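Just so it is clear, none of the values below were taken in a lab; they were calculated from the coordinates. Everything numeric in this text was worked out from a predicted model, so none of it was measured. As a convention, Cβ positions derive from the backbone with ideal geometry for all residues, glycine included, and neighbour counts pool all protein chains shown.
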Amino acid sequence: MLSLLFIFGFFLILFILFILTIKSNINLLIPTIPSVFIWSYIVFAYIGIMPLFFFWNDYRYAIGINDQEKILMLWGYSSLSILIVTSVFFFMSNVLNIKLVRNYKDSKVVLNRRARLGMYFLFILSLGVLFSYISQIPAIPLIEQFKGATSEELAKFRSMATNAFSGGLHWYRLFYSSVLTFISYYAFSLVIKEKTIVNWTFFLMTFLVTSFASLMSTAKAPFIWYVMGLVIVYLISKRKVIGIKAILLIGGIASISLIIMYKKFMGLDDRPLSDIFMTIFSRTFTGQISPAYFYIEMFPNYEDFLLGKSLPNIGGIFPYEPYRITVEVMNYMHPTLSEKGVVGSAPTVFWAEMYANFGFAGIVITSLVVGVLLYLLQFIIFKLSFNPITVAYVTFLILKFKDLALTGFGRFIFDIDIIVLTMFTAILLLLNMNLRQLINNIKGLNKDFKKILVKESIR
């Protein structure tokens, strides 16, 4: 009986979710911040709960996800969070009358020489940062893999290049990951509009460098998301919706890439394709939501609620040392990792971190904040005039905020990547003599908000 009720409730939540989304005037076939977040949440923070509940995944069961009551609690929290977010969308669209338009404005190439040179300079700067980073790590995991390193050796190399790296990894990652992908998205959008030899050459250069940077740690997700970002750039630049061709293209590229990476990076060369598919299925649908189970189990039963200690302590202004929650949860899940000298990480959906800090109230409040943030950002974005720079920036934001389904809310409180890329985008637009246009856009936004306030005051 419990199983039947769970199945009914599971699909009922999805039905309500889609109804709220449609009534909020959000087209799930157009890549926007709200739509991509919703799809990411469904895939990474919802669907996987069903195989966990029925113990279909032997690996997850073996590592300790074996209490149906806790899994039901996990489902309840995850369902509540996404329903709050989409209810906020509905409220802002239908009560506050802040309507999202149905598609982006047409992308036009109006880039002068200074803006283009600015992008070339950013590319050269990012290359320099990438080479500097490589010079400071003992080995490049991707190269070591091709040399025949074992899976345990690869795990150590990956740890030394990421979680155990002591040289300010976030600053290096800003350039070799975020800035490089931003430049590549710009170059691709430019190629779509202006198919010249110079533009094609620049895009191919950025594609090769960005692909290497995304694969060098042998992590599988960065390259897949980079390719998906290119698809989003195409859809925005062409003002197209996600059709069957786009789905087949994304699915085909993702499947082939993942099979190759799992075979090579995880030592599964001798395993049949069926085993590899099951591993990919497990990692995709249950890998990201599984740590949330341990967040619920760990707090407050084994650790007191953190009361904000896992959140950024910018400049050390507060009297506490930040709690590395993803590392501590991973050590709780796999106690032997630290004994092997491997620094692991267990990020999960955004609300789990806030639960670990503030309990149930943290889930509710953060979900409300996320709903307002995502909706207003997209409302502002639809007001922009589009060229390859803004297309690249919007694509970056779409993929950045989809990470709320994958990682903690604390990362977004003071996100260096968002701050720096917003600054770079503003500078590039200023170089392109778009200051007057930006001012007009801001004035237009002010008028829209004033109209909304007037309507609400009349009510």
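Backbone geometry of segment 57-71 corresponds, through the Karplus equation with coefficients 6.51, -1.76 and 1.60 at θ = phi - 60°, to 3J(HN,Hα) couplings of 9, 4, 5, 5, 5, 5, 8, x, 8, 9, 10, 5, 5, 5, 5 Hz, x marking Gly and Pro. Peptides 222-235, 130-143, 3-16, 286-299 ranked from most to least packed, by the mean per-residue count of other Cβ atoms within 10 Å: 286-299, 222-235, 130-143, 3-16.
Rounded to whole numbers, the Karplus 3J(HN,Hα) couplings from phi for segment 187-195 are 4, 5, 4, 5, 5, 4, 8, 10, 8 Hz, using 6.51 cos²θ - 1.76 cosθ + 1.60 with θ = phi - 60°, and x at Gly and Pro. For segment 218-316, the normalised intensity computed at q = 0.16 Å⁻¹ comes to -0.88 (log10 of I(q)/I(0), Debye sum over alpha carbons, equal scatterers, no solvent). Distances between placed amide hydrogens fall under 5 Å for residue 386 paired with 108, all partners being 5 or more residues away or on another chain.
Find the centroid of the Cα atoms in segment 1-40 and in segment 351-406, then give the distance between the two in whole Å. Between the Cα centre of segment 1-40 and that of segment 351-406, the gap is 17 Å. Look at 391, 369 and count the other Cβ atoms within 10 Å of each Cβ; fewest to most, that gives 369, 391.
Neighbour counts of other Cβ atoms within 10 Å put 334, 170 in the fewest-to-most order 170, 334. Alpha carbon centre of segment 113-154 versus segment 214-279: separation in Å? Computed from Cα coordinates, the inter-centre distance equals 21 Å. By the Kirkwood approach, averaging reciprocal distances over each pair of separate Cα atoms, segment 1-75 gets a hydrodynamic radius of 13.8 Å.
Residues 41, 61, ranked from the fewest to the most other C-beta atoms within 10 Å, line up as 61, 41.
If packing is taken as the mean number of other Cβ atoms within 10 Å per residue, what is the order of 273-281, 201-209, highest first?
201-209, 273-281
I want the local charge near residue 411. Using Cβ-Cβ distances under 14 Å, sum +1 for each Lys or Arg and -1 for each Asp or Glu among the other residues. Please list the in-between numbers first.
On the way: positive: 173, 324, 400, 402; negative: 353, 403, 415, 417.
Result for the neighbourhood of residue 411: 0.
Shown in residue order for segment 218-226 are the 3J(HN,Hα) couplings computed by the Karplus curve 6.51 cos²θ - 1.76 cosθ + 1.60 at θ = phi - 60°: 6, 6, 8, 5, x, 5, 4, 5, 4 Hz (x for Gly and Pro).
The helix-based estimate of mean residue ellipticity at 222 nm for the chain, built from -39,500 (n - 2.57) per DSSP H run of four or more residues and divided by its residue count, is -22000 deg cm²/dmol to the nearest 500.
Legend: Rg and Dmax of segment 41-175, from Cα coordinates, 23.6, 61 Å. Using the Cβ of residue 90 as centre and a radius below 14 Å, the other residues enclosed give a net charge of +2, where K and R count +1 and D and E count -1. Its residue count N fixes a reference of 2.2 N^0.38 Å for segment 93-251, and the Cα radius of gyration divided by that reference is 1.24.
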